[in-house]
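Heads up: the structure comes next, in structure tokens.
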Amino acid sequence: MEAYSLAEPAALLRCDMDTDGSYGEVWLLAYEDLLVVIDAKSKMKLDYSYATIEDLHNEDFINTGQMVIKRDGEEFPIAFYSNAVGRTASRFTMVVNKLREKKELTEDDFKQMGDDNVCPTCGKPYRDPRRKICPKCMNRRAIILRLMGYLPKYKLLIAMMGLCMVLTALVGVLRPYVSGKTFYDEVLTEGGKYFGMIVPVVLCLMALEASRLAINIIKERIAAKVSANIVYDIKSQIFSAMQRLSMSFFNSQHTGSLMNRVNNDAEEICFTILWRIPELIINSLTLIGTAYVMIVTNPILSIIVFIPVPFTVYMMKVVFPKFRKFKNASWQKRSKLNSVINDALSGIRVVKAFGKEESEIDRFDKASAELYEASVREGIRGARTFPVMGYITSLGGLFVWAIGGAQVMSGHNGMTYGTLMMFIGYMGMVLGPIDSIVNSVDWITECLNCAHRLFEIIDRKSDVVPSANPVRMADIEGDISLKNVTFSYEPNKPVLRNINLDIRKGEMIGLVGHSGAGKSTITNIITRLYDIEEGELTIDGVNIKDIHPDDLHRRIGMVLQETHLFSGTIMENIAFARPDANYEEIVSAAKLANAHDFIMKLPDGYETELGKRSTNLSGGERQRINIARAILLDPRILILDEATASVDTETELQIQQAIETLTKGRTTIAIAHRLSTLKNADRLVVIEHGEIAEMGTHEELEKLGGIYAGMLGKQKEALKIRGMEDEE
Ligand code: ADP
């Protein structure tokens, strides 16, 4: 018997594809010194002893991935999987690699193990694989209690709403009683209590209607007020939670969809709490009230009134969802047709330029035919479903007429014409509430789902955790040291590997390398947008994780390619990092940044309001405001990431001058695509595939004839072709 069959594997991975790329099931078991691959279909088992594995890594394609092993100098795939398993597969590889290297495994290594896209409780796939929340299995009670937490602040208003709801239900029950029983039996019938008093009773009915209207208006007003407040509470809580989160959170989300999500979810929650739930309460109270009055008055007729109820529930739960499928299908076809039209019209120049009119017409015809078919199917279904439902419901009504009528004629149990009319009035009131009660499960689930999504953001812990005992550093000199630093954005895909770099205070370092080499990532970890996993990063000898975030941010300035100016005045934008700066300081920073002259030419000078996206400023002007911002901050460490990349040649000189002023006396780390801009750097560090490949001055590296010299040669050639020979 093999040794591993007795021991438990350290990790398991279920891959969902066969070697031929079709759906399959292959299991990978990581033991202490052995990786076992079992194909569930063919029952074939392969063992790979760690001693024989030279390398194990994952390769990701667009929708799939594979795990690749290297043995005897040869690489070959051992397992295939879809994107659904991708993340888990990377984790698994990481665990195996740790086992191979005899490193200790931690709980964190297993955090994302397991089948990523199915709920571990019920085994059903997640509706949204990115969120990994199963609406069926989420802890509803906890979410409801937490949602309730938003209400006590408005308890008085909510109590008033409750009173309104009870009154609405009461008036609802009373109305058919007065308009049916009282009106026919007591007003129109001789000997009745109010015989002949038509006007007062009608006035009484009018008053009932008016009071219902008034109560409703009050309720709606309160709901609107409380709702706006709760939406505000939720959103501000989320906004402050989001501001605390690290960059990795924002990288995993589209900012646009995040904003939509927060807005829609907060509004959906409020709509449910303040409109749908009150509606449900009113409907339930009305139903209980009517049922009570009916049963007390005439139990047999009451049963008949409720006969269509199971049928209505069946229609809502079974028939309507099917109909909705047809509706969705035609909705999808309609939006497909719209996008075909939109594509063809907005891209009309391309269509015409390539002579593709005919194929566009074909595309339109096809989409249009699909919509036609889907609409016909929807129409036929609709034409059948709704009238049948209406007919059966009205049949129920006819039964009430028939049996109730017979009872009136026979005087059964004192049944009167007025009572019959009251029942007929109640009949219409029974089916309406049933609708909202039956559907309540769906919208409550949806509301809890929204709440869960928002609480996820609120509860999310930042990956960059501030130290419990941060070191205050009023003055940072600017010595930076990276020792054996390894970093990855995603597990098992290191972007920086074993970086060792000492930057002395006041030194200017130019980071060069091909796109995607990891240059910006180095600046990201120095500004602590991300925390490193391995190695040590210190500033003035203090571990960056221990430095107080305020000191760190106060002492590190950045000028990036993408300049973000906020809405507000130019003055406010320059003072963004130091709101306490006075007018003189701001102006002198702007002067040093070569920005003062153009600012003074603007209509309101420093008080000019910047519009949305600051369209009224050119790229170069925006960049100079950015530089002024950095000068005002007066940082000890300065990061320039492609600071002159999106600037026209005319203003480049001015920006270069401004940057020179800015870098004086500060530790500077500059990234630039145009190598000529880094010639003055004290040292150039060439990054290649996340590693330091070369280091030295411009002259040294040029002489070396390596990567840097190659890049330099290519750039010179490109400039020569464009007739822009670089001035030495
Ligand atoms: P450079 O600045 O040298 O062009 P970067 O440091 O921006 O390169 O990127 C290095 C690698 O890291 C690239 O492969 C890039 O795709 C990847 N990367 C950058 N940012 C992220 C991120 N937020 N999440 C995942 N991968 C990232």
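The values are calculated or read from the model by the stated rules, or taken from the named source; none is laboratory data. As the structure is a prediction and not an experimental result, all values here were calculated from the model. Heads up, the Cβs are rebuilt from the backbone with ideal geometry, glycines too, and the neighbour counts pull from every protein chain shown. Ligands, DNA and RNA are excluded from the accessible area calculation, which covers all protein heavy atoms including side chains. Shrake-Rupley method; radii C 1.70, N 1.55, O 1.52, S 1.80 Å.
Structural remarks
- Under 13 Å from the Cα of K601 - aspartates and glutamates, other chains or at least 8 residues apart: E621
- Average accessible area per residue (Å²) across segment 11-110 - probe 1.4 Å, nucleic acids and ligands excluded: 53 Å²
- Taken as entire DSSP H runs, the helices of the chain that both span 27 Å or more between Cα atoms along their own long axis and average 1.0 or more on the Kyte-Doolittle scale are 155-176, 277-297.
- Amide H partners (placed H, <5 Å) of T608, local residues excluded: I570, M571
- Point-charge dipole on Cβ atoms (K/R +1, D/E -1) for segment 492-563, about Cα centre, debye to 20: 220 debye
- The chain, helix-only ellipticity at 222 nm - DSSP H runs n ≥ 4, -39,500 (n - 2.57), divided by all residues, nearest 500: -17000 deg cm²/dmol
- Among the listed pairs K519/K720; K155/K235; K153/K225, those beyond 24 Å (Cα-Cα): K519/K720
- To put it simply, the accessible area of the chain at a 1.4 Å probe is 58 percent carbon and sulfur.
- Coordinate range of the alpha-carbon atoms in the chain per principal axis, descending: 118, 83, 67 Å.
- Restricting attention to the chain, close to 75% of DSSP beta bridges with both partner residues there are antiparallel.
- Positive end of the dipole of segment 406-526 (Cβ unit charges, origin at the Cα centre): among C450, M473, M409, the Cα lying farthest that way belongs to M473.
- Proximal aspartates and glutamates relative to K336, as straight alpha-carbon distance under 13 Å, when same-chain residues fewer than 8 apart are discounted: D365, E370
- All C-alpha to C-alpha distances of segment 309-414, sorted into 10 Å bins beginning at zero, yield P(r) values of 13, 25, 19, 16, 12, 8, 5, 3, 1 percent in whole numbers.
- Annotation for K70 and D20: the two label points, set 7 Å from Cα along the Cα-Cβ direction, are 3.1 nm apart.
- Between K679 and W27, the FRET efficiency estimated from the beta carbon spacing at R0 = 51 angstrom works out to 0.35.
- Assigned charges on the beta-carbon of Lys, Arg, Asp, Glu; segment 11-110 dipole about Cα centre (debye): 200 debye
- By average C-beta atoms within 10 angstrom, highest first, the peptides 345-353, 153-161: 153-161, 345-353
- Rounded to the nearest 20 debye, dipole of the chain from Cβ charges on Lys, Arg, Asp, Glu: 3560 debye
- Ordering V95, G24, Q66 by Cα displacement along the dipole of segment 11-110 toward the positive end leaves G24 in first place; charges were set at the Cβ atoms of Lys, Arg (+1) and Asp, Glu (-1).
- Kirkwood Rh and Cα Rg combined as Rg/Rh, segment 11-110: 0.94
- FRET E, pair N439, E267, Förster distance 22 Å, beta-carbon r, rounded to 0.05: 0.70
- Cross-link reach list, lysines versus K70, counting only Cα pairs under 21 Å and skipping chain neighbours closer than eight places: K45, K98, K102, K103, K493
- Summing Lys and Arg as +1 and Asp and Glu as -1 over all other residues whose Cβ lies under 14 Å from the Cβ of D343 gives a net charge of +3.
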